[in-house]
Amino acid sequence: MSFFKKLFGGGDKAESGPKILGETTVEGLRIVAIEMRAGQEYQLCGRIERTHENGDMDAVQFIRADKLTSADMAEKATLAKGEQIIRERGKTLFDGGENV
């Protein structure tokens, strides 16, 4: 690969989104734990998704200040926090369309 391709990001690497650590479904809503590095630690970061019958999807993202030492711990904490948010706010979570 040439110097310029390396420098400007061209080449064989496929564009990829954020790494998914894990996911679960609670009350018909999908919780996705997303990798978010903070130095050597992982920050609690996730998304709650609702899919409509016509295939459209709503999603809200949540990021917390919690720092964890491993990806496994971040996954478990994120899924638990997502479940807590759903239990507290239910389907009204999507009424405002904002992040939580």
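If you scan segment 41-100, which residues turn out to be among the aliphatic types (A, V, I, L, M), within 16 Å of residue 31 (Cβ to Cβ), part of a strand (DSSP E or B) and in contact with a Leu (Cβ under 9 Å, 6 or more places away or on another chain)? Across segment 41-100, the qualifying residues are 44, 48, 60, 63.
Within segment 35-72, the set of residues being under 14 Å from the mean Cα position of the chain (by Cα), under 17 Å from residue 84 (Cβ atoms) and among the aliphatic types (A, V, I, L, M) comprises 44, 48, 60, 63.
Just one of (1) at pLDDT 80 or above; (2) touching a Gly at 6+ places or on another chain (Cβ under 8 Å); (3) over 17 Å from residue 79 (Cα atoms) fails for residue 5. It is (1).
The values are calculated or read from the model by the stated rules, or taken from the named source; none is laboratory data. What you are looking at is a predicted structure, and each value in this text was computed from that prediction instead of being measured. Cβ sites come from the backbone with ideal geometry, for glycine too, and all protein chains shown count toward neighbours.
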